[in-house]
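Here the structure is laid out as structure tokens; the discussion comes afterwards.
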Amino acid sequence: MSTESFAFCPRCAKPLVERLVADDGGAVNRRACPDETCGFIQWGNPVPAVGALVEHEGEIILARNRAWPDGWFALVTGYLEACEDPKAAVVREVKEELGLDVVETHLIGNYIFQRKNEVMLCYHAVATGTVKLGAELAEYRRHKPAELKPWPRATGFAVADWMRARGLAFEFVDFAASAAPRK
Ligand SMILES: [Zn+2]
């Protein structure tokens, strides 16, 4: 995971230390291997992931992951396989999680997901077929495009940008604040 903090060097197993590492913008304190010949530095680069705003029969499908509280619905998301094209990842994830076949993908934009140090590459994915939920999802909801309520975070900004591009009025609603916590 992108927010993972190593205690030991993943190359040579020495305990990592904080040290000043020179960068274009000056020196920055980073976790690094004390062994100069090893040279490992934990850069903390964000990890890319894809998000799919799935359109099916003219409606938008939002899904709730099994790990999420009741009332949380968002885009279908997933990590890229090694060297995988983001569009191919969208097609694969939508098939795995909703059982649908993506026939068109359009990039909406790229959004930072701060809490997990990820960059979400968000696509509008037009899909056909019959919905069959995969193992990761608990349930899904269908929405008319004009009735979507974007959430003020990560993939929610993609929903807002998608609506804005279509001239649809919207307001942000934070499901994380309003939803009852899961038992
Ligand atoms: Zn090392």
**Request:** Consider only pairs whose beta carbons are under 9 Å apart and that are at least six residues apart or on different chains; among these, list those whose first residue lies in the range 20-44 and is under 23 Å from Val119 (Cα atoms) and whose second residue is among the β-branched types (Val, Ile, Thr) and within 11 Å of the ligand (Cβ to nearest atom).
**Result:** Arg30/Ile41; Arg31/Val17; Arg31/Ile41
**Request:** Determine, yes or no, whether Lys95 is loosely packed, with under 14 Cβ neighbours inside 10 Å, of a type in the set (D, E, K, R) and out of contact with any Asp or Glu (no Cβ under 6 Å at 6 or more places or on another chain).
**Result:** no
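In the range 99-108, what residues are at negative phi and surrounded by fewer than 17 Cβ atoms within 10 Å (Cβ to Cβ)?
As a first pass, look at the range 99-108 and keep what is at negative phi: 100-108.
Matches in the range 99-108: Asp101, Val103, Glu104, His106, Leu107.
Answer with yes or no whether Val54 is among the β-branched types (Val, Ile, Thr) and assigned by TED's automatic domain parsing to the domain that holds Ala82. Can you show your working first?
Details: among the β-branched types (Val, Ile, Thr): yes; assigned by TED's automatic domain parsing to the domain that holds Ala82: yes.
Answer is yes for this residue.
Out of the residues in the range 28-51 that are in a loop (DSSP other than H, G, I, E, B) and away from the ligand (no atom under 11 Å from the Cβ), which is surrounded by the most Cβ atoms within 10 Å (Cβ to Cβ)?
So in the range 28-51, the residues in a loop (DSSP other than H, G, I, E, B) come out as 33-40, 42-46.
If we keep only those that are away from the ligand (no atom under 11 Å from the Cβ) too, we end up with 43-46.
Values: Trp43: 12, Gly44: 12, Asn45: 9, Pro46: 16.
Filtering the range 28-51 for residues that are in a loop (DSSP other than H, G, I, E, B) and away from the ligand (no atom under 11 Å from the Cβ), the one surrounded by the most Cβ atoms within 10 Å (Cβ to Cβ) comes out as Pro46.
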**Message:** Considering only the range 5-17, I want to know if a residue exists there that is over 20 Å from the mean Cα position of the chain (by Cα), among the polar types (S, T, N, Q), within 16 Å of the ligand (Cβ to nearest atom) and within 22 Å of Glu118 (Cα to Cα).
**Reply:** no
**Failed item, numbered, when Gly25 is tested on (1) in contact with a Leu (Cβ under 6 Å, 6 or more places away or on another chain); (2) modelled with pLDDT under 95** = (1)
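Look through Lys144, Lys149, Lys132 and report the one residue that is within 17 Å of Ile60 (Cα to Cα), more than 16 Å from the chain's Cα centre (by Cα), of a type in the set (Lys, Arg) and surrounded by 14 or more Cβ atoms within 10 Å (Cβ to Cβ). First the steps, then the outcome.
On the way: Lys144 fails: surrounded by 14 or more Cβ atoms within 10 Å (Cβ to Cβ); Lys132 fails: surrounded by 14 or more Cβ atoms within 10 Å (Cβ to Cβ).
Exactly one residue qualifies, and that residue is Lys149.
For Gly25, indicate whether it is surrounded by 13 or more Cβ atoms within 10 Å (Cβ to Cβ) and either over 19 Å from His143 (Cα atoms) or in contact with a strand residue (DSSP E or B) (Cβ under 8 Å, 6 or more places away or on another chain) (or both). If you could, list the steps in order and put the result at the bottom.
Numbers: surrounded by 13 or more Cβ atoms within 10 Å (Cβ to Cβ): no; either over 19 Å from His143 (Cα atoms) or in contact with a strand residue (DSSP E or B) (Cβ under 8 Å, 6 or more places away or on another chain) (or both): yes.
Here the answer is no, as Gly25 does not meet what is asked.
The values are calculated or read from the model by the stated rules, or taken from the named source; none is laboratory data. For clarity, every value in this text was computed on a predicted model and none was experimentally measured. Virtual Cβ from ideal backbone geometry, glycine too; neighbours counted across all protein chains shown.
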